[in-house]
1. On the basis of being more than 16 Å from the ligand (Cβ to nearest atom), modelled with pLDDT of 95 or more and open to solvent by 20 Å² or more (accessible area, probe 1.4 Å), does residue 84 make the cut?
2. Looking at segment 231-239, can you tell me whether even one residue there is in a helix (DSSP H, G or I), more than 15 Å from the ligand (Cβ to nearest atom) and basic (Lys, Arg)?
3. Among 416, 441, 412, which is the only one that is away from the ligand (no atom under 13 Å from the Cβ), more than 25 Å from the chain's Cα centre (by Cα) and within 23 Å of residue 294 (Cα to Cα)?
4. Within segment 210-223, identify whether any single residue is open to solvent by less than 10 Å² (accessible area, probe 1.4 Å) and of a type in the set (D, E, K, R), and answer yes or no.
5. Would a scan of segment 326-335 turn up a residue that is at pLDDT 95 or above, farther than 21 Å from residue 361 by Cβ and either more than 16 Å from the ligand (Cβ to nearest atom) or of a type in the set (A, V, I, L, M, F, W, C) (or both)?
6. Mind counting the residues in segment 151-174 that are of a type in the set (D, E, K, R) and surrounded by 22 or more Cβ atoms within 10 Å (Cβ to Cβ)?
7. Can you find a residue in segment 98-107 that is outside any strand (DSSP E or B), within 16 Å of the ligand (Cβ to nearest atom) and farther than 28 Å from residue 419 by Cβ?
8. Can you tell me which residue among 261, 195 is within 16 Å of the ligand (Cβ to nearest atom), in contact with a Phe, Trp or Tyr (Cβ under 7 Å, 6 or more places away or on another chain) and open to solvent by less than 30 Å² (accessible area, probe 1.4 Å)?
Amino acid sequence: MRFISTRQRGEGISAAEAIIKGISWDGGLFVPEIFPELTLDEIKTLSAQPYEKTAAVVTGKYLTDFTDRELIEIAVEAYKGFDTVERAPLIKLRHGEYVLELWHGPTLAFKDMALQMLPHLLCASMKKTGYTGRVLILTATSGDTGKAALEGFAGVKGTAICVFYPKDGVSAAQKLQMCTQEGDNVFVCGVEGNFDDTQTGVKEIFADEAFNRYAMEKGFVLSSANSINFGRLVPQIAYYVWAYSCMASRGAVAWGQKVNFIVPTGNFGNILAAYYAKRMGLPVHKLICASNANNVLTEFFREGRYDCKRAFCRTISPSMDILISSNLERLVFELTGRDTEKVKSMMKELNDKGKYAVGENIRAILADSFWADWVDDAKTKETISKAFKKSGYLMDPHTAVGQAVYERYLDATGDATPSVAVSTASPYKFSPDVLEALCGAKNNNLSESQASRKLSKLSGTNIPDAIANLEKKPVLYRNWCTTCGMKAEVEKFIGRL
Ligand SMILES: *Cc1c(COP(=O)(O)O)cnc(C)c1O
């Protein structure tokens with residue numbers, strides 16, 4: 001399988017090269033030259049086996065320069081630190097409604113599903129391509145990618161990682177998780193601005209030829225741990241296949257019967273992975289794209305207009321506080337019939353004017369596969385509380401955005417297709433807000449850890465160790481910079497390595 005850029009026709013590069021590079025030199029994203037096929041029989045075979053097998057088989061369809069044996073070893077290594085043998089448990093809420101919990105990894109968000117695999121994929125890729133230098137991972141985070149990437153790359157030979165987060169745009173627990181990270185090859189820095197500013201700053205460093213040359217002279221090639229890296233996207237396709245095979249083997253659907261997936265969306269990585277699974281042949285009816293008040297994707301799916309010239313909102317689902325959803329470019333590439341010139345001109349419009357529009361024919365294809373809506377913070381809290389009262393299920397604010405949008409979908413369509421909502425984070429990453437949702441504003445002055453303890457008592461669920469241990473750890477990073485200063489911070493970090 002070769003990987004081609006969304007913005008330029010060409011022969012493409014191997015999976016290993018695409019994983020090392022992260023982003024194409026023309027600013028485009030790497031995509032597979034075709035969608036590999038996954039038959040129902042193959043999915044059936046997977047259903048009796050551990051999660052790792054699904055991960056290896058699905059990633060193997062794309063990463064054809066890796067052997068089956070390599071991929072199974074990587075998957076076993078990646079998921080061994082998860083707190084459940086199922087890795088991604090499927091929970092039944094009620095008849096026909098399921099939740100796929102993707103936060104049983106070390107950092108308690110779904111980012112671990114991919115970022116526990118990526119360092120292994122990257123190291124193997126370096127060996128395959130004969131690259132002997134080091135890889136410097138530059139990452140922008142809306143809260144969860146940062147910690148998951150740090151956890152994945154800390155101490156990994158031949159790599160170093162630098163994480164930038166919006167300094168006032170992540171939850172207290174998320175910030176503490178990152179700023180207590182130990183390791184000689186890691187660096188964490190706040191940025192004055194929101195996630196989009198931070199992500200744009202990182203993208204500019206990637207596109208800076210002089211800076212790339214400088215890094216190269218110091219022995220580093222720059223790469224990304226954001227979902228713009230295909231190596232980050234591909235392990236995420238696997239859990240949609242896994243969810244389906246769990247549904248079917250439990251009898252929640254007949255083999256071959258379609259399901260809906262509900263995905264709380266920010267950078268469009270997670271839901272894009274679901275779309276890839278559908279294109280491979282997974283029986284999927286609708287992908288329900290759920291947003292918070294940063295509702296640019298809702299408008300895109302409903303009206304065919306992508307317009308990020310609007311106020312950026314800070315919400316209680318901060319990992320989705322994003323207006324520039326990078327991975328949408330990969331979907332647009334498919335929807336235009338893989339027209340690289342068209343993609344290039346749309347992305348130029350986005351860059352110059354902050355918006356672009358798609359034609360009637362593309363809107364029709366969109367409506368066929370997707371349904372989108374958004375909810376505000378008040379509705380999100382109401383949904384957390386309602387779900388807990390109704391089914392005893394405690395959800396984090398991101399998952400609740402998905403649930404609330406799904407309820408709107410049911411009201412609007414009456415669709416009885418069985419559904420799987422992806423649960424993207426542990427509620428304990430957002431204890432104060434979840435607690436407030438359950439018992440009102442009266443807990444406002446509780447500390448993070450007091451809120452977690454109260455939440456635990458109230459819900460009868462355990463505080464995950466990764467949260468319980470946080471307050472004992474020393475804070476190692478209190479530094480921040482402006483977007484203009486990011487490059488200098490990376491330079492200083494390289495100097496120390
Ligand atoms: C990253 C994240 C999202 C959004 O996922 P995308 O792939 O960026 O669309 C949703 N919820 C949580 C908890 C996240 O960390």
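1. On the way: more than 16 Å from the ligand (Cβ to nearest atom): yes; modelled with pLDDT of 95 or more: yes; open to solvent by 20 Å² or more (accessible area, probe 1.4 Å): yes.
Spelling it out, residue 84 is indeed more than 16 Å from the ligand (Cβ to nearest atom), modelled with pLDDT of 95 or more and open to solvent by 20 Å² or more (accessible area, probe 1.4 Å).
2. If we filter segment 231-239 for residues that are in a helix (DSSP H, G or I), which is where we start, we get 231-239.
Those left that are additionally more than 15 Å from the ligand (Cβ to nearest atom): none.
Checked segment 231-239: no residue is in a helix (DSSP H, G or I), more than 15 Å from the ligand (Cβ to nearest atom) and basic (Lys, Arg).
3. Numbers: 416 fails: within 23 Å of residue 294 (Cα to Cα); 441 fails: within 23 Å of residue 294 (Cα to Cα).
The unique qualifying residue is 412.
4. No, that holds for no residue.
5. There is no residue in segment 326-335 that is at pLDDT 95 or above, farther than 21 Å from residue 361 by Cβ and either more than 16 Å from the ligand (Cβ to nearest atom) or of a type in the set (A, V, I, L, M, F, W, C) (or both).
6. Residues meeting the conditions: 1.
7. Here is the first cut: in segment 98-107, the residues outside any strand (DSSP E or B) are 102-107.
Within this subset, residues satisfying the condition of being within 16 Å of the ligand (Cβ to nearest atom) are 102-107.
Remaining after also requiring farther than 28 Å from residue 419 by Cβ: 106.
Checking segment 98-107: at least one residue is outside any strand (DSSP E or B), within 16 Å of the ligand (Cβ to nearest atom) and farther than 28 Å from residue 419 by Cβ.
8. Working: 195 fails: in contact with a Phe, Trp or Tyr (Cβ under 7 Å, 6 or more places away or on another chain).
Answer to the selection: 261.
The values are calculated or read from the model by the stated rules, or taken from the named source; none is laboratory data. Remember, predicted model here, so these are calculated numbers, not experimental data. As a convention, Cβ positions derive from the backbone with ideal geometry for all residues, glycine included, and neighbour counts pool all protein chains shown. Quick note on the areas: whole protein, heavy atoms, side chains included, nothing else; ligands and nucleic acids left out. Shrake-Rupley method; radii C 1.70, N 1.55, O 1.52, S 1.80 Å.
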